[in-house]
Structure formats: structure tokens, C-alpha cells
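Single-structure report; data block below.
The values are calculated or read from the model by the stated rules, or taken from the named source; none is laboratory data. Keep in mind the model is a prediction, meaning the values are calculated, not measured. Here the Cβ is made from the backbone with ideal geometry for all residues, glycine too, and neighbour counts use every protein chain on show. For the accessible areas, the whole protein counts, side chains as well, though only heavy atoms, and no ligand, DNA or RNA atoms are used. Shrake-Rupley method; radii C 1.70, N 1.55, O 1.52, S 1.80 Å.
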Amino acid sequence: MADVIRAVLYGVLPALGAALLLVGLLGTRWLGVANGLGLLVTLGLLKQRRPLWPHELWAGNNDAMLWLCWGALAVGLLAALHPRRELPGWLAVPSGLACIGGNFWLVLVNPRKRWEVTECVLQHGAAIAVAAVGWLSVRRAIGARPGPLMAWALSGCLAGDAALLHFSGSTLQGQLGGAVATAFAAAAGTALWRHPFVLDRTAALPFAAIHGGLLLTGVHLSELGPVPAVLAGVAPCALVLCGAANTGTAGAMRFLLGFAGMVALLGSAVWLTQKG
């Protein structure tokens, strides 16, 4: 029982503290940094050792989970330091794809050693495509409805990832998914004293990098099947159905429709995993 409590606390407290501190004091642009710090500390506590620095990883075992955590922190920093002025699409989209692709390239260093060139291109291309669709959808959804409800919805998506990874035998990835879900929920909770609460669109990129990266490690390092992974990967796309926020019944119904679509895709992924 003590081990279970310890695992839960390790998976919750670091991300919770980082999100409350950074988002509560500096704003939602820093949510990605809170995610990365929460992941690194959580992974170190769960493994009971200090996380290796990137140069140590590169010269050592290239641990995929550590690369995912460092990549999440790097993407979070880029999002936090993003200029206030919106970048044009022709620059923003390639830059985001480069961040996601670079993160996935590092995560797959060890599995890639066993692949032929064709398989390498297909694996990376499929992973980046799924993550990119999720990123662009979430970016649009946040732009239309940047309030705390969207942060709660993204937290719910990551909680679904955690459940899916747990049921597929990917316990460590599931715990990390729970940590990031906690960070998004804590960020939404800061709406209690941050008025108005506006979720910055830059949060979409760190979300997509972690959401896609966790599913990627579940497929290549554990027993998550590719079909459930794709279903979960595109689940956030349903959030574009939420539309713009308003106080009317129609706005609430649209939000529920988008959220229900996301839950249906995640539920299908979990069902296929348990059935298999």
C-alpha cells in the first residue's frame, strides 16, 4: 500500500507544484515548462535516480523516456519564449513540425537502430503526422475557446492517455501521462485567482509533443497497439467541434459535443486494447 501511495504522490505532486507556481505566477505561456519540469522530476522520483543531462544521454544509453521529458521541457521553453505577435502560418507550422519531429527523432534513437531506411521513414512520418493533426486541431480549439474549460478538456485527454497506457501494460508511461494531466488540471485551477483565465495557444505544441510522445513510447517500448495509439492520437481533433465560447445553450452543447467525441475516440482505443 505504501508503494502505491508513493507512486501516486510522485506522479502528482511535482507536476502540480510546477504548474501552480509557474502558471499561477507567470501565466499560461509557462504551462509547457511546468509540464517538462513535472515530467523530469516525476521520472527521477519513480526511478529513484537523478535524470541524466542531455549530453550524458547522448553519450550513454539514449533512454527514450528521458529524451521525451527533455524534449517536452525544450518545447515548453520555446512556447514560453514565443513572441507575443502571432507568427504567420508559413513559418509557425514548419517550426512546430520541426519541434515535434526533433523530439520524436530523439525518442526513437534506440529502436531506429533495428530499422531499415523505409521502415524508419514510415515510422517517423506516421508519428509526426498523427501528432501534427492533433497539434493543429488543439491550436485551433484553444484559439476559439481559450477558457479554463479547454484546459480541463486537455487534462481529460491526457488522463485518457494515462488509462490507455496503463491498460496496455505501459505503467511508467501511464504515470507520466497522469503527471501531465495533473499539470493541465492545476493550470485550469488557477482560474480561481487569475481573472480572466486565457489559455495561450502556444500550449498546444507542448501538449501535442507529450501526448504524441507518450503514445509513441507505448507502441515502441511497451505493448500498446498501433491502431489504439492512432485513435488516441487523433482524439483531440474532436475538440475543434467545441467552437467559440459563449454564454448560450448552443455554446455549451458544442463544447459537450467536442468533448464527447474526444472521449469516444479514447474509449474506443481503451476498448480495443482490453479486447486484444
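Side notes on the structure shown:
- Long-range neighbours under 6 Å by Cβ, at least six apart or interchain, first residue in contact (Cβ under 8 Å) with a residue 40 or more places away in the chain within segment 230-243, second of a type in the set (S, T, N, Q) and part of a helix (DSSP H, G or I): LEU231/SER268; PRO236/SER137; CYS237/SER137; VAL240/SER137
- Verdict on GLY44 being assigned to a helix (DSSP H, G or I), free of Cβ contacts under 8 Å to residues at least 12 places away in the same chain and either open to solvent by less than 50 Å² (accessible area, probe 1.4 Å) or within 14 Å of VAL180 (Cβ to Cβ) (or both): yes
- Complete set of residues in segment 98-125 that are of a type outside the set (Val, Ile, Thr), in contact (Cβ under 8 Å) with a residue 40 or more places away in the chain and surrounded by fewer than 16 Cβ atoms within 10 Å (Cβ to Cβ): ASN110
- Each residue in segment 140-161 was checked for being surrounded by 24 or more Cβ atoms within 10 Å (Cβ to Cβ) and of a type in the set (A, V, I, L, M, F, W, C), and 8 pass.
- Screening SER168, SER137 for residues that are of a type in the set (Ser, Thr, Tyr), under 19 Å from LEU241 (Cα atoms) and either at pLDDT below 95 or open to solvent by 10 Å² or more (accessible area, probe 1.4 Å) (or both) leaves exactly one candidate, SER137.
- If you filter segment 165-192 down to residues that are in contact (Cβ under 8 Å) with a residue 60 or more places away in the chain and among the hydroxyl-bearing types (Ser, Thr, Tyr), you find that the one that is farthest from ALA18 (Cα to Cα) is SER168.
- Annotation: of all residues in segment 77-92 being in contact (Cβ under 8 Å) with a residue 60 or more places away in the chain and open to solvent by less than 30 Å² (accessible area, probe 1.4 Å), the one that is farthest from LYS113 (Cα to Cα) is ALA80.
- Subset of segment 235-266 (residues that are open to solvent by less than 40 Å² (accessible area, probe 1.4 Å) and outside any loop (DSSP other than H, G, I, E, B)): ALA235, PRO236, CYS237, ALA238, LEU239, CYS242, GLY251, PHE255, GLY258, GLY261, MET262, LEU266
- When LEU205 is tested against (1) over 11 Å from the mean Cα position of the chain (by Cα); (2) open to solvent by 20 Å² or more (accessible area, probe 1.4 Å), exactly one condition is not met: (1).
- Condition met for ALA74 (part of a helix (DSSP H, G or I), open to solvent by 10 Å² or more (accessible area, probe 1.4 Å) and touching a residue at least 40 places away in the same chain (Cβ under 8 Å)): no
- Restricting attention to segment 49-67, the residues that are more than 13 Å from ASN110 (Cα to Cα), in a helix (DSSP H, G or I) and not acidic (Asp, Glu) total 2.
- Pairs where the first residue, in segment 1-23, is under 14 Å from GLY44 (Cβ atoms) and at pLDDT below 85 and the second is part of a helix (DSSP H, G or I) and aliphatic (A, V, I, L, M), C-beta under 8 Å, 6+ apart: ALA7/LEU46; TYR10/LEU45; TYR10/LEU46; GLY11/LEU46; GLY11/LEU176; GLY11/ALA179
- Unique match (being at pLDDT 90 or above and touching a Pro at 6+ places or on another chain (Cβ under 7 Å)) among ALA72, ALA153: ALA72
- Filter result for SER155 (in contact (Cβ under 8 Å) with a residue 40 or more places away in the chain and either among the polar types (S, T, N, Q) or on the phi > 0 side of the Ramachandran plot (or both)): no
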